[in-house]
């Protein structure tokens, strides 16, 4: 699985890194592809996560201000860390997407008073992840 | 977390950029450029001779006429190209800054963003530089126009704390308005600007329009005294800002010099404390306290505010992660050099000697793997009296003085006792206090529930009292006005 580390989050920059770790891991999984019924959905989700990754990178570059320097001391990133040892690709995808729903929802709330544009992105991502989970479970 | 890769381990001997070419420096001496986290030498910077300044000024002067005649819209196009190249190299710029200056990577990325924003703002020159006129303004049948014109060659003398951004408060506006320019980067952190000049070289400026020379204060003196230079922009400490202002003025130049600061962050009892503390931690310890907008004095008003904010602040400061800035989890990097560290440690000792209570001591901090780095941990003094050295002088490091005041008026009096007037902030939910604060406080940058009052590119970077010498500030319309003059034309057709 991807080189991503999902390490602890001690500032908003590392929160954003945690987000991109999620997106890169998902992208790699979906790009590997699968045969059978999930193939088309994996291809679509690869495109979606690529777009999201680009959006996060752009947000890192253009939307962050001095507030991101505020230290974060009460964010337990461990609870969002996905189990990357699931061999079935669809089950792995569901694990990732569900963890992302939880992560983006919480991060969106945290960003709300700091940077609303980032908060909105996370809120939108969480909703998308919910949709992805439904589609994966319907396979 | 793994470290982000450095752009290069070593950048070798740096050159100067004159007349659109990289040239070997005419220098007898090269200084070491040191990574403050590792204490390793990562480049050599030339102490360029005064003779080579003549070459740079001549090139800039010669380029001026053709550049001035280049339509503003065409000049703006070069800046659009510059923006694109900076965007492509955004991450490299940030990492080099961290490597040579020490700041945490997200701080460096923030600086890279603000650097680019100044280029974006300067591309609006076709609007910002428009003059004005009045038909029959002089008399019936006689029209009057005010034309805004460039002046010639300007120069910037830059500090160590923002290796990229500060030069960009000036030069994009100068060249957008038709002037030519010379940048002298800080000799402590020249690599970032040298890298940026590699990008400038690709942007399409005609030779001589933008130039860079590396060197020491002797080179700065040569710029101030040179008859071919129309004006000087400087950012640094107050004694040097004053010197640059006086010396450059003596030689008939336009001058704007930004000096030091001692910024107070006032906390009222009705502040939203958790968010206030988080924001203040970023203000006091961001860039390891090495910026003129950093908080220095924490001023709780009344016992209730004190009892809530101080324990939370100390607790928060203890959790700040100190390390190499290329680790994305680092909250605070080293100070810029071992010399800076020694100076800051001297201030801490002075605080102890003068009777302040050291409640958080950052002196002994060890960063595993970086034992030779110039690290100082978050440091806090309580029971600081306004007349103590640590309450008055600019420390430029991660040292906070807590000075309790009994009332809002006392807090404002404390701010006004300082010779500096760079920034001040208040944390409150009370509109009346907030309004009074912004109205009464004599400082160029005021924060209401914001601890780092960094003006965006399209606003001037303010400063009152001994924090600024001059009339027009850097950035935005002020910069446009600094780099131009108004020519009045009265026309009568016979």
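The values are calculated or read from the model by the stated rules, or taken from the named source; none is laboratory data. Quick caveat: nothing in here was measured; it's all calculated off a predicted structure. Using ideal geometry, Cβ is built from the backbone for each residue, glycine included, and neighbour counts are taken over all protein chains shown.
So which pairs qualify, if the first residue must be in region B:340-369 and without any contact (Cβ under 8 Å) to a residue 40 or more places away in the chain, the second must be exposed (fewer than 15 other Cβ atoms within 10 Å of the Cβ) and not in a loop (DSSP other than H, G, I, E, B), the Cβ gap must be under 9 Å, and the two must be at least 6 apart or on different chains?
Cβ pairs passing all conditions: B:358/B:352; B:363/B:349.
Conditions first: (1) in contact with a helix residue (DSSP H, G or I) (Cβ under 8 Å, 6 or more places away or on another chain); (2) within 25 Å of residue B:43 (Cβ to Cβ); (3) outside any loop (DSSP other than H, G, I, E, B). Residue B:197 passes all but one, so which condition is the exception?
Evaluating residue B:197 over (1) in contact with a helix residue (DSSP H, G or I) (Cβ under 8 Å, 6 or more places away or on another chain); (2) within 25 Å of residue B:43 (Cβ to Cβ); (3) outside any loop (DSSP other than H, G, I, E, B) leaves (1) as the failure.
Name the residue that is nearest to the chain's Cα centre (by Cα), counting only residues in region B:313-331 that are over 22 Å from residue A:7 (Cβ atoms) and within 11 Å of chain A (Cβ to nearest Cβ).
That would be B:317.
Taking the conditions exactly as written (in contact (Cβ under 8 Å) with a residue 12 or more places away in the chain and either surrounded by fewer than 24 Cβ atoms within 10 Å (Cβ to Cβ) or outside the structural domain of residue B:472 (by TED's automatic domain parsing) (or both)), does residue B:184 satisfy them or not?
no
Within 18 Å of residue B:469 (Cα to Cα), touching a residue at least 12 places away in the same chain (Cβ under 8 Å) and in contact with a helix residue (DSSP H, G or I) (Cβ under 8 Å, 6 or more places away or on another chain): does that describe residue B:420?
When the stated conditions are applied, residue B:420 passes them.
Return only the number of the condition from (1) in contact (Cβ under 8 Å) with a residue 60 or more places away in the chain; (2) within 14 Å of chain B (Cβ to nearest Cβ) that residue A:58 does not satisfy.
With (1) in contact (Cβ under 8 Å) with a residue 60 or more places away in the chain; (2) within 14 Å of chain B (Cβ to nearest Cβ) applied to residue A:58, the lone miss is (1).
The rows are residues; the columns are (1) part of a helix (DSSP H, G or I); (2) in the same structural domain as residue B:236 (by TED's automatic domain parsing); (3) crowded, with 24+ Cβ neighbours inside 10 Å.
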| residue | (1), (2), (3) |
| --- | --- |
| B:285 | yes, no, yes |
| B:299 | no, no, yes |
| B:307 | yes, no, no |
| B:317 | yes, no, yes |
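Check every one of the strands (runs of 3 or more DSSP E) wholly within region B:1-119 and list those with 2 or more residues that are over 24 Å from the mean Cα position of the chain (by Cα) and within 20 Å of residue B:204 (Cα to Cα).
Once the strands (runs of 3 or more DSSP E) in region B:1-119 are filtered for at least 2 residues that are over 24 Å from the mean Cα position of the chain (by Cα) and within 20 Å of residue B:204 (Cα to Cα), what remains is B:21-23.
Out of the residues in region B:125-144 meeting the condition of being part of a loop (DSSP other than H, G, I, E, B) and touching a residue at least 12 places away in the same chain (Cβ under 8 Å), tell me which one is farthest from residue B:485 (Cα to Cα).
B:141
If you take the residues of region A:15-47 that are within 14 Å of another protein chain (Cβ to nearest Cβ) and without any contact (Cβ under 8 Å) to a residue 24 or more places away in the chain, which of them is farthest from residue A:118 (Cα to Cα)?
So, considering only residues that are within 14 Å of another protein chain (Cβ to nearest Cβ) and without any contact (Cβ under 8 Å) to a residue 24 or more places away in the chain, the one farthest from residue A:118 (Cα to Cα) is A:21.
Can you find a residue that is over 25 Å from residue B:329 (Cα atoms) and away from chain A (no Cβ under 14 Å) anywhere in region B:82-93?
Checked region B:82-93: at least one residue is over 25 Å from residue B:329 (Cα atoms) and away from chain A (no Cβ under 14 Å).
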